[in-house]
Every structure is written in structure tokens, then in C-alpha cells.
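Each remark here refers to the structure printed beneath this line.
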4 protein chains.
Amino acid sequence: MKAFAFLGVGKVGVIEKAIPVAGLNDAVIRTTASLICTSDVHTVAGTLPLPEGRVLGHESVGVVHAIGEGVTRFRVGDRVAVNAATPCGHCNPCQRGFAAQCGGMLGAYKFTAQKDGNLAEYFHVNDADYNLAAIPAAMTDEQALYATDMLSTGFVGAEYADIPIGGSVVIFAQGPVGLSATIGAKLRGAGLIIAVESKPDRAALARTYGADVVINPRTEDVVARVMELTGDGADAAIEALGSQETFSNCIKVIKPGGVVSNIGYHGDGYSTLEIPLAEFGLGMGDKTIRTALCQGGRERMDRLFRLIQTKRFDPTLMTTHRFSFDQVDQAFEMMRNKQDNIIKPLITF
Amino acid sequence: MKAFAFLGVGKVGVIEKAIPVAGLNDAVIRTTASLICTSDVHTVAGTLPLPEGRVLGHESVGVVHAIGEGVTRFRVGDRVAVNAATPCGHCNPCQRGFAAQCGGMLGAYKFTAQKDGNLAEYFHVNDADYNLAAIPAAMTDEQALYATDMLSTGFVGAEYADIPIGGSVVIFAQGPVGLSATIGAKLRGAGLIIAVESKPDRAALARTYGADVVINPRTEDVVARVMELTGDGADAAIEALGSQETFSNCIKVIKPGGVVSNIGYHGDGYSTLEIPLAEFGLGMGDKTIRTALCQGGRERMDRLFRLIQTKRFDPTLMTTHRFSFDQVDQAFEMMRNKQDNIIKPLITF
Amino acid sequence: MKAFAFLGVGKVGVIEKAIPVAGLNDAVIRTTASLICTSDVHTVAGTLPLPEGRVLGHESVGVVHAIGEGVTRFRVGDRVAVNAATPCGHCNPCQRGFAAQCGGMLGAYKFTAQKDGNLAEYFHVNDADYNLAAIPAAMTDEQALYATDMLSTGFVGAEYADIPIGGSVVIFAQGPVGLSATIGAKLRGAGLIIAVESKPDRAALARTYGADVVINPRTEDVVARVMELTGDGADAAIEALGSQETFSNCIKVIKPGGVVSNIGYHGDGYSTLEIPLAEFGLGMGDKTIRTALCQGGRERMDRLFRLIQTKRFDPTLMTTHRFSFDQVDQAFEMMRNKQDNIIKPLITF
Amino acid sequence: MKAFAFLGVGKVGVIEKAIPVAGLNDAVIRTTASLICTSDVHTVAGTLPLPEGRVLGHESVGVVHAIGEGVTRFRVGDRVAVNAATPCGHCNPCQRGFAAQCGGMLGAYKFTAQKDGNLAEYFHVNDADYNLAAIPAAMTDEQALYATDMLSTGFVGAEYADIPIGGSVVIFAQGPVGLSATIGAKLRGAGLIIAVESKPDRAALARTYGADVVINPRTEDVVARVMELTGDGADAAIEALGSQETFSNCIKVIKPGGVVSNIGYHGDGYSTLEIPLAEFGLGMGDKTIRTALCQGGRERMDRLFRLIQTKRFDPTLMTTHRFSFDQVDQAFEMMRNKQDNIIKPLITF
């Protein structure tokens, strides 16, 4: 089969690999469509120590090609989506309710990090009965793809933010995860959604998805503006960028008792994340910092699908570019260089 | 002043009373608009032991007429709304976070139950700094009125239902509280909202407010239909009617681990409420029953106002009839007899 | 192998059965010790529709005899305990965090209800990597046995009761589950633990385990006495008996905002459970009813073991009688007739 | 009256001041006993900008000397304790359930910070009906004093740590707040309590209060030792010192999904608090950081009293030294220099 792989730091390409085999409790999926993630770009830049030839990608849907012994809920030919996080369901973190940390820190992130990813004609899925989610007949592959990572990650950002009904929330950055957090904040009943974004096209999409105000951090003082809009600070802030500055601003914009919900990836060259102490009440201000990785599992996927089916929002507005799999190099290059206001490129097989 | 009062079981009328006086920490409001509540109808029918001449009503807005010593946040002339529940903020239940139970069971429900209500030209508000909420300049009295009871009660029904994002919820009855619970369920991110209502106009409004499906209990088997729609039961059910049958159905339609959130008033002639044991897992099915009264306080009112200001929904669609205060008898009569598909009658002063 | 089995309503006996086989992901345990549960008595009385020859028992420990393909955490010869509830870890309720309801209502209760139980020389365990728990070397079989059901059930009663630190709780009945709930209430930091029990030996053990007061329901008015002790009602009540009267009293003794945590089995001949409405605030008193089944899984078992290892309490005080497996009939008979103040009989193999 | 006051950075002394007056809703207490807090030492060192003559102290009990208009629950002569935090009960943070942040960040900390403290013969208490707590007749002043700050602060550390029953917790530093957190962790049902402390007397008292293991940070590698004891990290860590190093270690010792509960004061000369990113899962490890100030209010005080009355622990073991008020200078000097293994000095009037 053909697969889009890491070929050394900064290098990628389509290579030929053997179709994976479905072991006990597992499945193999024939891919029909994928999205490329900014994480793939980070990975290629060298943030994970990977062998050459490791397949990239973790946002794919397809059709069950083979199932291993022990799989009872799915059959060959079923149309399925698979979350970027694929917990086992059995280990201690899974039993404790932190399935994203399956087997250890960030352990449910198996694609690319622990085995081949799914930007390939076929891919392997562990614990298929836990991780496969049937795509409803009326749902397109493109719609289903957004549940595999963007919506699940953005939504957990909003869920962990614990926004009171009618409360205020500030969402830093409106890339696809931040946009999904905006959708999520609207779904959780925020009464004032403040997005922080400088790119006009992303700002416009944020408004479509529910942002009441968009602050441009290039031209406005974000913290001052939030204080002006809220009086006493926001109930919550969602960090969807992954930078020291936005993280600090999250602490600064929330009121005492507020929550910072971090879903940004802080892996780009700094080893500590600084909390500004004055605005943190010197460690006694009832401010809470929560952190999350994409949440997997069929049951959650089914709920995300339901929201799309009942038309609460249209995730495909994030698809700015479309490619066939033989153009995957070009799609990746655009993501790497953030060309042409790309948000998400859809890859079809 | 003129006031609409209880004059014995089944009897009401406008009477003359002295304008109340603002004691320590309290305020007196000159009423500008009110809504009549079904609870007023219950009260007149004899559910509360009341002295003759007790003023009815608990959904009013107005202008501060007088403030008592100790009130610091408001001044005479301020335009304010007051929630139906007016907690003190100091007693044990208030300190424990159950302000609706201020001073004892259902104790925050002071209007009519413990002192004169606010279907009158003037009314008294205890603990004004806790209970007055400034109405934003751009908001109409009619909009603000819905925050005093309907939205606050319906929303707590949705909040206590603890609906997971994309989850399913069944809301029994679509009177104004049930309709508000439907709005609330949409605000909390339910992926499938099933309303149960037989009246076509209420069913239509439920759809406008977010119901994906409306089941007619006169012609359909509610429990069977929910099972068909959800597969394994709903994540939550909200009881917004107050009847044994709907309460039982709430237990029946939820899946194990689900929540019944009761906001219906069960004061109409039965002394026990029965839980069907088979569907309750014989008391071990991880089903939870929660109960709530309208939630008061300025901070919550401000959040409800914010949702109206950011146009998340339009509560005034529930206003089916409009009257001046000198027609209050007629308005009450229509509520009592549920004439002309009345949902909420607006009374202006 | 020899097994203690249901032989028709009211009939039991030791029969010969084939040693079970370990299928995929499963294990077979050679039993070394068991406890008999009151649930076994209920079952024999006919509360579950069972085939004759179904093995009884769900509280056993032993040594791994065989493991099926796919099991990676355990090896033949390991000393293990198995919780009475054995979830799969993969189904929707398991993914939602309600593993006791695995696959459907009460579905984690597989022993006896869905397959042979473990009052037998060998027994089968599904999903071994989820459900086996290694017994620490220094821990006796007898200590470990209490984690399989009594402590896990009693503790979830205390956990779901959500007792504030220093709060008050009333625990109805001090059988082994109620005694475990008393231990659990003390572990969660209750400041006033009121046990309700008429038998002197159980009352004495309740005091040893942490009850500050024991009310005798035969000679005292339980509700009045709790009100006298607490002033305004208890923060929580735990129903550990399974009767209409104690359930009603639970509602009555808690204050508004309080929690009733039901762990009693209400399967003895009544089809509805009545809530007294006046004390339930007519459905608006912020009173919550929660229900639970024994909680399984290795991770929880490990935590229960840790509490025993750090000597927080001694569960073996509940062992009032000791038998070898060839006396199991006699032990069961004593449980059935509640002879000689029996609390728990230990069976050794 | 005589009062122990701040007289400029580094300077203290007993001065003469007018007895305070009870305004509306307030009370004045005649002090009978006090404890000195390390916070007083910090304050004198210059961490708060204070006027000279501001009275120090926030841990006092006494007898009601005068009540203002509006106070209904207490009378002159009542024996009362007052928490170090005295919320108003009415402002937005109080209504939101974050009363410690009354009126704004750390705002419930009124003594010394916003007005005279209570190391004086008399002191003023705002919102007396919220903040006075009657001392039970059988309780000594010394016992009651520990509820005013040490226990309330240490316990909120344990409560916010959200320790699962039987879970593991590491408590950094065993000063009086850390010791109280140890008591709190035991009360919440931790199965393994690991204290970190180098001073032998404090280590010994930690063991008395429930620590299963005490790690000496001078001679042991704390993080390595916790990993050895727990296998995969602790469920929670409590920071009760206020230093960058212990805060970092909190992040390092917890497992993914774990909680850092900070109650240490980070006001000593650093403006940011660093989170080590690798152990924080790069911001995606489901690790939560919570922060709290002492929790006030009568209802909580009553629960703390109840725990002392039912003999769950003896807080007076922390009293290492005793003084009369005319020796307060000497007591403060000992606290400032941490002489003679002082933990808490009791001051009687």
C-alpha cells in the first residue's frame, strides 16, 4: 500500500509499505478520507523521536478491511471513523477515567507516536470494539473526519473550562482546534464568547461558529479588552495555540474562581510554562488550570456525530482545500507553510 | 397602592394596600411589568395556607423606589429585575450553595409564600444587594421578566440534568418552564432534544427553541419512542410538569447512569411519588434523581441577561397575551382556565 | 470440580461441574477462599430467573489457573482477587464511566446472574486484564475477600453520598454492606456518623468502625432522633438495607441539598419505591437520590487493598464464622436463617 | 485597648488603639485567645503595603462585645470563633461559590490586609451573621482556634486535591498548614499519605496525624521516592510550603489525571511560577492545578468543630508554645526566627 511517511527531520514522502494485519481484538481499515493536522507538521519538525518510514496522520475514516479475533461489534465492510486517540479500555488510566493517558502520559496518542499513523491506504486500529465508530449512513466522510480530532479536542477544551450557563469565555487562537473550542463553548451555553485571532478569515469563521467578539492580538491589548468586556474577568479561558504568551494571558483574563483549559501543545522549544503570580493570586486565587488531550472512544464519537446530524453546526466550513491522496505532499507542504489561509485540507483516497 | 391578591381559596381580586417600606438591607420596587405564573394558579387553588389579602405574583421588574440602610449597590431610580427566589446569602443553606433552600426547605420562595408577592404597584425585596439585578439599557422589561423565573427554573432543570455534550435528553411537558428547559438543554449542548407535548402550538414553539423531536403523549407510547430514537435510553430526562406519570416515565426513558432532573411541582394531591423499581435497577442502576427550585441571585440574573443580549434565543416568543394591570383579573382567569392556548401573559403597569 | 449451586427456588447443594475454560481475554481461577453474600440468599429465594445448576457466589479469591489468549498482565500462579462486578471495559456504559452497568442495567453483575458464580473450586473471569487484581504478598485471602464486594459496595455508598468534610451522615442498617458504608463514611471525613441498627453485636461493630451514635429503630424514632442530633437534618443518608421504610426515612432525615445514596437491594416483592413528597420539597427541595451497584475493576481493588495495608480499618472483624468448603451448605443455611448473629462466613478451600 | 501592630517593614509592637465599633450587620469581639500565623511574619517582612499601626493577626476567638443593627443570630456574651476569611455573602464571587475571593482576588482576607487584624483585645467582624461561629460549650478556646485558619486552609488543600478513596497523596512541608492538610488527607480517605519534611519533630507529628511515610527532602530524592512508593505517581500532591521547587515537584510526582492542590503562599520574591512541561504532558497530560485560600463562614466552622468534638484528631498537638498577650512580642519573635521548633504559639488574653 501507499503511505505518507516521516523520512527524517523535515522530510516526508509517499512510500510503499505492507498492509497491516489485524491482531487479536484489533481491526484494519481501508482509508477513504483523511485530514492533515498541524501536529503532523510538528512531528515532522522533530518533536517526536521517530524511526524513518513511520507513517504520519491520525485523522482518517474508512471501511473495515479486516478484523482480528475477539472483535464483536464490527464487520468487514462497515463504514467507520477512528479517533486520533485510541485507548485500550483496560489499563489503570482507562479505569480511572483518563483514557487519553492510556498506559501512561499521552499514551492514547498511538498513531505515528507509537505505530504507523493513518495517512495511508490502510491502517491498523487497536481495541476495535472500543475505538471504531460506525458512521451514520447520511453522514459524509468529510463530516465524520472532524470528529476524529478537531471537534473532540476543541470540545474537551470547552468541557474542561466548566463554563457556567451564560458565562464568559476567552478562546485564544482560532485555528481548527480553537474554532472547534468556539463551537464547543457555544454548545456549553457560554453567554459571551470572545475569540482572539488576528487572521481575518479565521476571525470571520469564529464569528460564524459563535464568537460574539473577536479581539485582534496584533492591534489590541487582549487582557485590557477582556476586562473592559467582562468587568471582572472571564469565567474561563481556553488556550488553543500553545505559547507562553497566550498561556499567561489565559491566567490574566480570568476572574478568581475561573478556569484555564489548556489544549494547546507546548512542545516547541521551551521546557517550562510560566504562571504570572500576581494574577494567579499568589497561588491562592481559586484559579484552576486544566489540561487535556483529544478524547477518544466510540461512545464520544457517537455523540459528536449526533451533533452534526442534528445540524448544531457545520464542521466542513473548516475545509479550505481538497486534494486526492496522490497530492498529499502538496497538501502537507501547504499546511507546513500555512499557505493560502489554509485551515484544514481534505485528502480523499 | 393596588395589588392583586389571594382572597380565600379560589378567590382573587385587586385590593388596596399600603406601599411597603424598605427595612435594613432591603429595597422597595415600583413595578413596571409582570408575568403571571402557573404557581399563582396553584396557590389560589389552595396549595399554600395563606392569609386573605396576601399579594400574588413573583415575576416582576421595575424601578427602585426606596432602599433601606445597608444597601450599597443600587440607588433609587435604577431599573431592576428580581428573581422569584430571593435568598439571604447568610444562612446555612446559602453558605452550603443551596440558596434556593434559604433558611429551610424551599425557603427562598418568599413572595406570596412568606410575604406579599409582586403583582402589585410596589413590592418589597429582602437583601437587595444580593437580589436586585440591573437591567441592561438595551433590554426590554419583557425580556428581563423571563429571567425572574421561567428561564432560571428551566435552565436549572437542564443544568442539573448534567447532559454530556452531544447527549440525549427528554423534556416532559412544554409549558413555559418546559420550553425554558428545552432552551437550556440546547444551551448545554444536547445532541438530541426530545420534547413531550400534545398541544400543537407548544410543540411548534419547542421546535423553535431547539427540540429535534416532539412526541405527542396522547397518540404515542413515549417510552417506546424514546427507546427507538436513542437505542439504549436517554442520558437525561427533565420533569417539567409535576405528575406521577411523567415522573415514572422519566425513570423509564433514561439509560443506566442517566439523570432525572425534576423541576415539576408535585403538590397536587398526592403525598408520595413512586419510582418504578424495575427501570430503577432495583435501586442499583446508577440512576440519579435531582430536584430543584428556581435559582435566584444577581450573579445568575446577569448571566441570563447576557444570553438574551447575545441573542442565543428569544424568550418573548412565550408571551402569547398582553394586558395592562387593570386587566389582571382577566389575565389570571385565562391562566387558570388555560384559555386560548395561553402560555405567558404580560402585565404592564 | 465441586461447586455450590442453585438447584431450584429455595434449593441449593454441592454439585460436580466441569472446570471452566479460559476464552480469549479471559482467565480461570482456582479458588482458595470465599465469602457468602446475602445476595446469594436472595437469589436462591427466587429473585433471579436462573437455570438449575447455576453456581452461586461472587466473593472469591484464588490463584490463576489458566489464562486465555490476549491476557498480558497476569500469569498462571498469580494470587488474585476478583470483584463481584466484572465489567468489559469496552461497551458504552463502560466508556461513559458507569462500568457497573456494563452492557446494560446491572450488567457487570455477571457471576450467577449471567454465568456460573465463584463458590466453586474454579471459576471463570471475563476480561482478565481489567478484572484481576494481584493480592499483595503480605495480605491474607480473608482481608482481600472483603474488597470483592462488601467494601466496594459500602464505599460507593459513602462516595455517592458526597459527604462534606465534617458533615453528618445516617447509615441505615449495619449488615456487612452497611458496616462497610460506615467505614467508608469515616474515610470520607464525616464529622458525625449515625448508624441505625437494632442488633447489639452489629451496633457494637458499627461503633468500632466509626459510628458516633447508633440509633435502635425498634425503640427510638429514627427521624426525630436525627433531627435532634443534627438540628436541621443530615447532609446525607445511606440506604444499606433495601426496604421502603428505610428509604423513606432516608429522604426524611436529610436536609435540603442533602443526598440519599442507595445501595440497598429493593427486589423483595414491591414494584415501586415511594418518595415522601413533603420531605422531598414537593420535588424542588434540592434533595438528590443516587443509586449504585458494587464497583469493580483492578484499579479500584488496588485502592481498597492499599487502605487495608495501611491499616485504616480491619475488615476481618466482620468474619463471624469460618468453614471449609465441604461445610458450605451449613454456612449458607446460617446466612439464610441469620443464625448466631452471623455477619460474614469465611469459606476456605 | 492594646493591639499588636505593624510599625513599618520589619517592625512590630503593642500599641494603644480605640475599641472598634460595630456598624450595620457587624460585630465586635472581645478576644480571649489567638494563634500567630506565619502569614503575620510575611506581612511584617513587607509583602503587603500597609499603613503603620495596622493591627496584625487573623486567628482569634472570643466573646461578643457588641453587635450592630441587623445582626440576628448572635448576642452580646456569646462565645464565638471567627475564620481568618470573612466573606460578605452578597458579592458576585460569594454568589458564585468562591467566597474566599469575596469582592475580588483574595478579598475575604480582610484582617490586617484591609482593616485591623485580631491580635488585639477587641476586633471587628464584618457580616456577623455569616462569619461568627458559636463555640460549643465543651470545646476549649485552643481547640476552636485551629478552625479559624490552619484546619480550614489545610483541609481545603485536601478537598481540592480530589483524592480518590484509597488513593495516594504527597504533601509538601509539614508546618501547621501542611500538618492540617495531612489530617485532611486522612479524613478524605487517602490510602497512602506521603509527607515531605526534614524537621524531625514535624515529621513525627505528621506520622501522628496520618502520614504513612515521611520523606526527608534533604537526604532523599523526593520524586524518585514517590515513584518507587506508588509505581506510577500519586493521585494528588498538596503544596503547603510556597516555593518554586516544591511546586515543580508537585507536578512531577503526580500521575496523568492527577491534581496539584496549591495552598502555599507564593509571594516571596518571584513573579512567575514555573510548570515543568515534560511532566505536565506538554500541557495535555490531564494534570490539574487548583489553588485555594482559607475558606470561611459559619457553616464550615461548625463542620470543623464537629470533627474536633467527635475526636477525629487533636489539633492542639500543634501548640508548641504558650504565652499571655503581654508576651506577644516574644511569641512573634520566635515565629519570625522559627526558634525552638515552634509550630504554633497560643496567646491568651
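The values are calculated or read from the model by the stated rules, or taken from the named source; none is laboratory data. A quick note: this is a predicted structure, and the numbers were derived from the prediction, not measured. Don't worry about glycine lacking a Cβ; one is built from the backbone with ideal geometry, like all the others, and counts go over all protein chains shown. Please note that ligands, DNA and RNA were not included when accessible areas were found on the heavy atoms of the full protein model with its side chains. Shrake-Rupley method; radii C 1.70, N 1.55, O 1.52, S 1.80 Å.
Scanning region A:117-127 turns up one or more residues that are within 10 Å of another protein chain (Cβ to nearest Cβ), farther than 27 Å from A:Arg322 by Cβ and over 19 Å from the mean Cα position of the chain (by Cα). Quick check on region A:125-133. Is at least one of its residues open to solvent by 30 Å² or more (accessible area, probe 1.4 Å) and touching a residue at least 60 places away in the same chain (Cβ under 8 Å)? No, there is no match, as no residue in region A:125-133 is open to solvent by 30 Å² or more (accessible area, probe 1.4 Å) and touching a residue at least 60 places away in the same chain (Cβ under 8 Å).
Among the residues making up region A:275-309, a single one is open to solvent by 20 Å² or more (accessible area, probe 1.4 Å), within 14 Å of chain B (Cβ to nearest Cβ) and part of a loop (DSSP other than H, G, I, E, B): A:Gln295. Does D:Thr320 qualify as being farther than 27 Å from D:Asn126 by Cα, within 14 Å of chain C (Cβ to nearest Cβ) and either touching a Phe, Trp or Tyr at 6+ places or on another chain (Cβ under 7 Å) or open to solvent by 10 Å² or more (accessible area, probe 1.4 Å) (or both)? Criteria not met by D:Thr320.
D:Ser271 meets each of the listed conditions (1) within 14 Å of chain C (Cβ to nearest Cβ); (2) without any contact (Cβ under 8 Å) to a residue 12 or more places away in the chain apart from (1).
Of C:Ala190, C:Ala173, C:Ala161, C:Ala181, which residue is on the phi > 0 side of the Ramachandran plot and assigned by TED's automatic domain parsing to the domain that holds C:Ser243? Talk me through it step by step, then tell me what you get.
Values: C:Ala190 fails: on the phi > 0 side of the Ramachandran plot; C:Ala161 fails: on the phi > 0 side of the Ramachandran plot; C:Ala181 fails: on the phi > 0 side of the Ramachandran plot.
Criteria check complete, one pass: C:Ala173.
If you filter region D:9-33 down to residues that are more than 14 Å from chain B (Cβ to nearest Cβ), under 18 Å from D:His58 (Cβ atoms) and not in a strand (DSSP E or B), you find that the one that is most open to solvent (accessible area, probe 1.4 Å) is D:Lys17.
Could you check region D:41-67 and list, in sequence order, the residues that are away from chain B (no Cβ under 14 Å) and hydrophobic (A, V, I, L, M, F, W, C)? Can you show your working first?
Here is the first cut: in region D:41-67, the ones away from chain B (no Cβ under 14 Å) are D:41-66.
If the condition is that a residue be away from chain B (no Cβ under 14 Å) and hydrophobic (A, V, I, L, M, F, W, C), then D:Val41, D:Val44, D:Ala45, D:Leu48, D:Leu50, D:Val55, D:Leu56, D:Val61, D:Val63, D:Val64, D:Ala66 are the ones that fit.
The lone criterion from (1) under 24 Å from C:Ile308 (Cα atoms); (2) within 13 Å of another protein chain (Cβ to nearest Cβ); (3) of a type outside the set (Gly, Ala, Ser); (4) out of contact with any Cys (no Cβ under 8 Å at 6 or more places or on another chain) left unmet by C:Gln174 is number (2).
Residues that are in a helix (DSSP H, G or I) and under 20 Å from the mean Cα position of the chain (by Cα) within region B:208-222 comprise B:Thr208, B:Tyr209, listed in sequence order. Counting the residues of region C:177-195 that are more than 14 Å from chain D (Cβ to nearest Cβ) and open to solvent by 10 Å² or more (accessible area, probe 1.4 Å) gives 1.
If only residues of region B:203-232 that are within 14 Å of another protein chain (Cβ to nearest Cβ), closer than 21 Å to A:Arg312 by Cβ and not hydrophobic (A, V, I, L, M, F, W, C) are counted, the one that is most open to solvent (accessible area, probe 1.4 Å) is B:Arg207. In region D:318-349, the qualifying residues are those that are within 17 Å of D:Gly175 (Cα to Cα) and assigned to a strand (DSSP E or B), and the one that is nearest to the chain's Cα centre (by Cα) is D:Lys344.
Which of the residues spanning region A:98-112 are open to solvent by less than 40 Å² (accessible area, probe 1.4 Å) and at negative phi?
Our first condition is that a residue be open to solvent by less than 40 Å² (accessible area, probe 1.4 Å); within region A:98-112, this holds for A:99-102, A:104, A:106-108, A:110-112.
Across region A:98-112, the qualifying residues are A:Ala99, A:Ala100, A:Gln101, A:Cys102, A:Gly107, A:Ala108, A:Lys110, A:Phe111.
Annotation note: Cβ proximity below 7 Å between a residue of region B:76-92 that is at negative phi and a residue that is part of a strand (DSSP E or B) and among the aromatic types (Phe, Trp, Tyr) (sequence gap 6+ or interchain) occurs for B:Ala84/B:Phe111.
State whether one or more residues within region A:264-274 are open to solvent by 10 Å² or more (accessible area, probe 1.4 Å), of a type in the set (A, V, I, L, M, F, W, C) and touching a strand residue (DSSP E or B) at 6+ places or on another chain (Cβ under 8 Å).
Residues of region A:264-274 open to solvent by 10 Å² or more (accessible area, probe 1.4 Å): A:265, A:267-272, A:274.
With the extra rule that they be of a type in the set (A, V, I, L, M, F, W, C), the set shrinks to none.
No, there is no match, as no residue in region A:264-274 is open to solvent by 10 Å² or more (accessible area, probe 1.4 Å), of a type in the set (A, V, I, L, M, F, W, C) and touching a strand residue (DSSP E or B) at 6+ places or on another chain (Cβ under 8 Å).
Just to be sure, is A:Gly267 of a type outside the set (D, E, K, R), over 24 Å from A:Asp340 (Cα atoms) and over 23 Å from the mean Cα position of the chain (by Cα)?
no
Considering (1) modelled with pLDDT under 95; (2) open to solvent by less than 20 Å² (accessible area, probe 1.4 Å); (3) among the aliphatic types (A, V, I, L, M), the lone condition that A:Leu48 does not fulfil carries the number (2).
Considering region C:233-258, and only residues there that are more than 9 Å from every other protein chain (Cβ to nearest Cβ) and out of contact with any Gly (no Cβ under 8 Å at 6 or more places or on another chain), the residue that is most open to solvent (accessible area, probe 1.4 Å) turns out to be C:Glu245.
Can you confirm whether A:Ser261 is open to solvent by 40 Å² or more (accessible area, probe 1.4 Å), within 14 Å of chain D (Cβ to nearest Cβ) and small (Gly, Ala, Ser)?
Numbers: open to solvent by 40 Å² or more (accessible area, probe 1.4 Å): no; within 14 Å of chain D (Cβ to nearest Cβ): yes; small (Gly, Ala, Ser): yes.
The answer is no for A:Ser261.
In region B:68-97, the residue that is farthest from the other protein chains (Cβ to nearest Cβ) out of those that are surrounded by fewer than 18 Cβ atoms within 10 Å (Cβ to Cβ) and more than 23 Å from the chain's Cα centre (by Cα) is B:Gly77.
Taking region D:153-169 as the range and being outside any helix (DSSP H, G or I), open to solvent by less than 30 Å² (accessible area, probe 1.4 Å) and within 11 Å of chain C (Cβ to nearest Cβ) as the test, the residues that pass are D:Ile163, D:Ile165, D:Gly166, D:Gly167, D:Ser168.
When residues in region D:327-349 are screened for being touching a Lys or Arg at 6+ places or on another chain (Cβ under 8 Å) and either surrounded by fewer than 18 Cβ atoms within 10 Å (Cβ to Cβ) or within 14 Å of chain C (Cβ to nearest Cβ) (or both), 2 of them pass.
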